[in-house]
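Below is one structure, written out as C-alpha cells, with a few remarks after it.
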Amino acid sequence: MSLISLLLDLYTLGVIEAKKSKVGFFEKEKLKAKSMGVLKPYNVKFMDLGDLLSEIEKQSYHNNQGLVDKYGEVDLDSKASSAGLKYVLPILVGVVVFFYIFNTSSSDTSSSTSTSSNNDASLEESKRVYRQGYSDGQTGYGLPASSRASAYEFHMSRGYNFSSADYNVYVMGYNDGVYGKRKRY
C-alpha cells in the first residue's frame, strides 16, 4: 500500500470516528461497517480494532489541516461497507424463526385443545353406546340362551350405526345387561 492511500484511509477513519460520537445507534452501526470497509485491505484483527480506532481518534486526523486541504471533505456514502447485512440479517432471520416457532407452538396448543374436546365427545359417545347396549341386554335378562337374541342380532334389528370400536363397547354393555352385571358407566 502506498503512503498516500494510507494517509487517506487514516483521514477517513478519523472522520468516521469523529462522526460516531454525534449519531444514534443505527447510524453508529453503519459507520462501524464503513470503518471495517476501509480497514479490510489491512487485515486488521477484530480484537485489535478497538485499540486502533481509539488511537486514530486521539490523533485527530480529521482535524489535521494538511489532510483536510489535501483530501477535502470525505464522502462516506461512497465508501464500501464491509459488514453490510452482518448485523441486520441475523436479527431478521432470528425474528422470522421466533415467529415460526411461536405460531407452530400456538397452533399445537389449539389443536391439542380441539383434540381433547374431540376425545371428550368420543368418550361420551362410547358411554352412550354402552348404556344403550346395557339397556338392550336387560331385555334378555333371565331368558335362556335359545330364547334371546345375540348382541349382533339385536344391534342389526335396531339398525344402529356405531363405529367398529363403539360396536365392541355396545357388545360389552349388552353382555353386562344380559348376565345381570352391574352397570359400569
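Just so it is clear, none of the values below were taken in a lab; they were calculated from the coordinates. Model, not experiment: these values are computed from the prediction. Here the Cβ positions follow ideal geometry from the backbone for every residue, glycine too, while neighbour counts run over all protein chains shown.
Here ASN63 and PHE26 are evaluated by their C-beta separation; at R0 = 35 Å the FRET efficiency comes out at 0.85.
Relative contact order for the chain: 21 percent, from Cα pairs under 8 Å spaced at least 6 residues apart, divided by residue count. Ordered by the number of other Cβ atoms lying within 10 Å of each residue's own Cβ, fewest first, ARG182, ARG131 fall into the sequence ARG182, ARG131. In terms of its C-alpha gyration tensor, the range 1-47 comes out oblate, because a/c is 1.5 or above while a/b does not outweigh b/c.
Could you tell me which of rounded, prolate or oblate describes the range 3-84, using a ≥ b ≥ c as the square roots of the eigenvalues of the alpha-carbon gyration tensor, with rounded for a/c under 1.5 and, failing that, prolate when a/b is larger than b/c and oblate otherwise? Rounded shape, in that the Cα axes give a/c under 1.5.
Less than 5 angstrom separates the built amide H of TYR185 from none of the residues sequence-distant by 5 or more or on a different chain.
For the range 113-185, averaging the sequence separation of C-alpha pairs within contact (under 8 Å, six or more residues apart) and dividing by the residue count gives a relative contact order of 49 percent.
For the range 3-84, a simple Cβ point-charge model (Lys and Arg +1, Asp and Glu -1, everything else neutral) yields a dipole of about 200 debye relative to the Cα centre. Of the listed values (1) 1.65; (2) 1.30; (3) 1.73, identify the label whose number matches Rg/Rh (Cα atoms, Kirkwood Rh) calculated from this model. Computed from the coordinates, Rg/Rh (Cα atoms, Kirkwood Rh) corresponds to (3). Estimated at 0.36 nm per residue, the fully extended path between SER147 and SER2 surpasses their Cα-Cα distance by 40.8 nm. Computed from the C-beta positions of PHE98 and LYS127 and an R0 of 35 Å, the FRET efficiency is 0.20 to the nearest 0.05.
The simple Förster model, with R0 at 30 Å and r as the Cβ-Cβ distance, assigns TYR71 and PHE46 a FRET efficiency of 0.65.
Please give the length that would be gained between TYR179 and SER54 if that part of the chain were fully extended, namely 0.36 nm times their separation in residues minus their C-alpha to C-alpha distance (nm, one decimal). Walk me through the numbers before you get to the answer.
On the way: separation 125, 0.36 × 125 = 45.00 nm, distance 9.49 nm.
Full extension of this stretch gives 35.5 nm more.
Counting other Cβ atoms within 10 Å as a rough exposure proxy, the listed residues LEU89, LEU10 run LEU89, LEU10 from fewest neighbours to most.
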